[in-house]
Structures are given as structure tokens and as C-alpha cells.
Amino acid sequence: MQQTRISVKEKIGFALTNLGNIPVMTLLNTYLLIFYTDVIGINPAVVSTLFLVSRLLDGFSDPLLGFLIDRFPVTRFGKYRPILVLGTVICCINYLLVWFATLLFTSQKIVVIYISYILLGITFDLMDNPIK
């Protein structure tokens, strides 16, 4: 089996791409539970159930999206670039919804946080999987 060599430029490119994901996930993993329970006023049991359901769905959506992304046709922009651009835009919009949707839909807070957080897990894969 022949080994391929990755140049320093490619290694730096992969590192810089993932550098944007680190603050996003750190902020979510650190403050979202506190935000939903203390600021928005949602029962901690509801929020912890959301996190559990989201992780279980991620177990199915990650391989499925990886399968679909691998079979994406080659375009004039490349195979993965359209998915990366579209996934990044959708993920950014959804990231804002995770934090601010409860202000827009005050009567349906629980439904809104479930939809936005689960969609964030799916759209994050669109942005993250083509890199790997």
C-alpha cells in the first residue's frame, strides 16, 4: 500500500478549518445548559433530555450524512466545497437560533430549543464532515 504525504500547507489548512469549530462547540458545551435553565427558565430535566435525544440522533445522522456527502457529485467548484459553503451558512443561522429563537417564539420555548438544537447537530455535520 502506498502512503500519501501531506504537505505542511495542507496540515495548516486542516488545522485552521477546525479552529473555527472549537469556539462554537466550547461555547455550546459550556454555557448552553446554564443559558436554557437559568436565563430562559426551562426545567433542567427537559434540557438534559434534549441533550440525550440529540446525541442519540447524532449516532444515526452522522453516518448517514457522511454516506450522502461521499456520494455528492463533483461540480465545477469541486466535490466538497458546495457542501462546506452551504453547511456553514445554514449552521451559522441555526447557531443563532439556538441562542435567540426563544426570544422570537416565547410561547413555544421547548419546541423551539428541541428543533434548533437537533438541527444544529445535523447542520454542524454538513460543515464538519467534508473536512475529514
Here are a few candidate values for semi-axes √(5λ) of the Cα gyration tensor in Å: (1) 27, 15, 12; (2) 32, 16, 14; (3) 20, 18, 12. Which one was actually calculated from the structure I just gave you?
(2)
Taking placed amide H atoms and a strict 5 Å upper bound, the residues 5 or more places from Ile42 or on another chain that come that close are Thr37
Using alpha-carbon coordinates, inclination of helix 44-70 to the longest axis of the chain, degrees:
20
Once the Cα atoms of helix 8-19 and of the chain are each reduced to a long axis, what angle between those two axes, in degrees from 0 to 90 to the nearest 10, is obtained?
10
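In cubic angstrom, how much convex hull volume per residue do the alpha carbon atoms of the range 1-52 span?
Working: hull volume 4.9 nm³, N = 52.
It comes to 95 Å³ per residue, whole-number rounded.
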Could you state the angle between the C-alpha long axis of helix 21-34 and the longest principal axis of the C-alpha atoms of the chain, as a value from 0 to 90 degrees rounded to the nearest 10?
10
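Provide Rg over Rh for the range 84-123; use the alpha carbon set for both Rg and the Kirkwood Rh (inverse mean inverse pair distance).
Numbers: Rg = 10.3 Å, Rh = 10.1 Å.
Result: Rg/Rh = 1.02.
Bear in mind that the values in this text are calculations on the coordinates, not laboratory data. Just so it is clear, the model here is predicted, and its values are computed rather than measured.
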